[in-house]
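S.K.: Take this structure first; my questions come after.
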Amino acid sequence: MGPERVLAVAGGTGFVGGAIARELASRGHRVVVLTHRRGLPAGDADTGDFEYRQADVTRPESLAAALAGVDDLVISLAFRNSPIEAPRRGQTFERVDAEGTVALVAAAKAAGVGHLVYISGAGAAPDAARHWFRAKWRAEEAVRGSGIGYSIFRPSWVYGPGDRSLNRFLGFSRWLPFIPQIGNGQQRLAPVFVGDMGALAADALETSAAHNVTLEVGGPETMTMDQIIRAALHVLGRRRPILHAPVVLMKLLTAPLTLLPSPPMTPSAIDFIVQSAQVDTGPLHECLPHTLMPLSDALATYLAAKN
């Protein structure tokens, strides 16, 4: 693939989408970031030299112009404050992840886009118990049924600079003598460094073996959330006990918050936070033999400077 191709990233101002956009730009590609935000500059020193185009996946009529001239499209959508849904503001998995992806895929097909990369999630299935996994499955089906070449990734738990999960815990360690955590901390995850996620998405556009496949993504270690937090504290050189709050109690306390237009937490979001996300990475390594960073090594690339 030559550098003249135009590669668009829907959700490119977000955590994962931003990492993908930066990786594509670092490889010399022309990158278009699709965003619903207004007033963004033509280039941003913090995110690479991108072209920004206004596009709102909840307004399908805005997508045709945004995709004009785009050769390949990466879809990495996340609504504001995900996974805390705000239905009255249209910030839900069904509205953004499912319907938004369906609209993007239809617009991409009309625009003649040649390849789609979709960032889904570990656990996506048509009969999944959780609605966010069913929304991801609906999005995947739109991608698979589009007639466009595709690569679908289902990552486990993604972390890195700018994440709103691990960094929140570490923020507590600056001013609390303990780390508060909802649940027992025993959910099992295969943490993926966001830089690796960006590299895999970029590799998929350049590697035929990753075309028309759905791949689960996980880092080289499967760990509990408690183990992940302790590893991060070790890199920071801090020692804090982890204080666990019962899930049932926290769901009862947050239930009234669902009445707010933009709740700070909801019982459904708590279920999302405490779920496990284990994956089978065998097919991934066969298609894309990219060496993924162990947790402590990746943490050291950005946490060491905070000591």
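The values are calculated or read from the model by the stated rules, or taken from the named source; none is laboratory data. If you're wondering where the values come from, they're calculated on a predicted model, not measured in any experiment. Cβ: placed from backbone, ideal geometry, glycine included. Neighbour counts: every protein chain shown.
S.K.: Out of the residues in region 240-270 that are touching a Lys or Arg at 6+ places or on another chain (Cβ under 7 Å), of a type outside the set (Val, Ile, Thr) and touching a residue at least 60 places away in the same chain (Cβ under 8 Å), which is nearest to ALA122 (Cα to Cα)?
M.R.: Result: SER262.
S.K.: Same structure, new question: Tell me the residue from GLY185, GLY219, GLY198 that is at pLDDT 95 or above, buried (at least 21 other Cβ atoms within 10 Å of the Cβ) and not in a helix (DSSP H, G or I), please.
M.R.: Answer to the selection: GLY219.
S.K.: Considering only residues of region 24-51 that are modelled with pLDDT of 95 or more and under 13 Å from THR13 (Cα atoms), which is surrounded by the most Cβ atoms within 10 Å (Cβ to Cβ)?
M.R.: By that ranking, first place goes to LEU34.
S.K.: To continue, here is another question. Any residue in region 165-182 that is under 18 Å from ILE270 (Cα atoms) sitting within a Cβ distance under 9 Å of a residue that is in a helix (DSSP H, G or I) and among the hydroxyl-bearing types (Ser, Thr, Tyr)? List the pairs, counting only those 6 or more apart or interchain.
M.R.: Hits for this filter: ILE179/SER173.
S.K.: Got a number for residues in region 222-239 being of a type in the set (Lys, Arg) and either closer than 24 Å to GLY121 by Cα or in a helix (DSSP H, G or I) (or both)?
M.R.: Looking only at that region, the number is 1.
S.K.: What are the residues in region 276-296 that are surrounded by 12 or more Cβ atoms within 10 Å (Cβ to Cβ) and in a helix (DSSP H, G or I), if any?
M.R.: The answer is PRO283, LEU284, HIS285, GLU286, CYS287, LEU295, SER296.
S.K.: Can you find a residue that is more than 22 Å from the chain's Cα centre (by Cα), part of a loop (DSSP other than H, G, I, E, B) and farther than 19 Å from PHE15 by Cβ anywhere in region 159-176?
M.R.: Yes, region 159-176 contains at least one residue that is more than 22 Å from the chain's Cα centre (by Cα), part of a loop (DSSP other than H, G, I, E, B) and farther than 19 Å from PHE15 by Cβ.
S.K.: What number of residues within region 80-99 satisfy the criterion of being buried (at least 23 other Cβ atoms within 10 Å of the Cβ) and touching a strand residue (DSSP E or B) at 6+ places or on another chain (Cβ under 8 Å)?
M.R.: The total comes to 1.
S.K.: Output the residues belonging to region 133-158 that are basic (Lys, Arg), surrounded by 22 or more Cβ atoms within 10 Å (Cβ to Cβ) and in a helix (DSSP H, G or I).
M.R.: Answer for region 133-158, where residues must be basic (Lys, Arg), surrounded by 22 or more Cβ atoms within 10 Å (Cβ to Cβ) and in a helix (DSSP H, G or I): just LYS136.
S.K.: Give me a count of the residues in region 107-132 that are surrounded by fewer than 22 Cβ atoms within 10 Å (Cβ to Cβ) and farther than 15 Å from ALA8 by Cβ.
M.R.: Residues in region 107-132 being surrounded by fewer than 22 Cβ atoms within 10 Å (Cβ to Cβ) and farther than 15 Å from ALA8 by Cβ: 8 in total.
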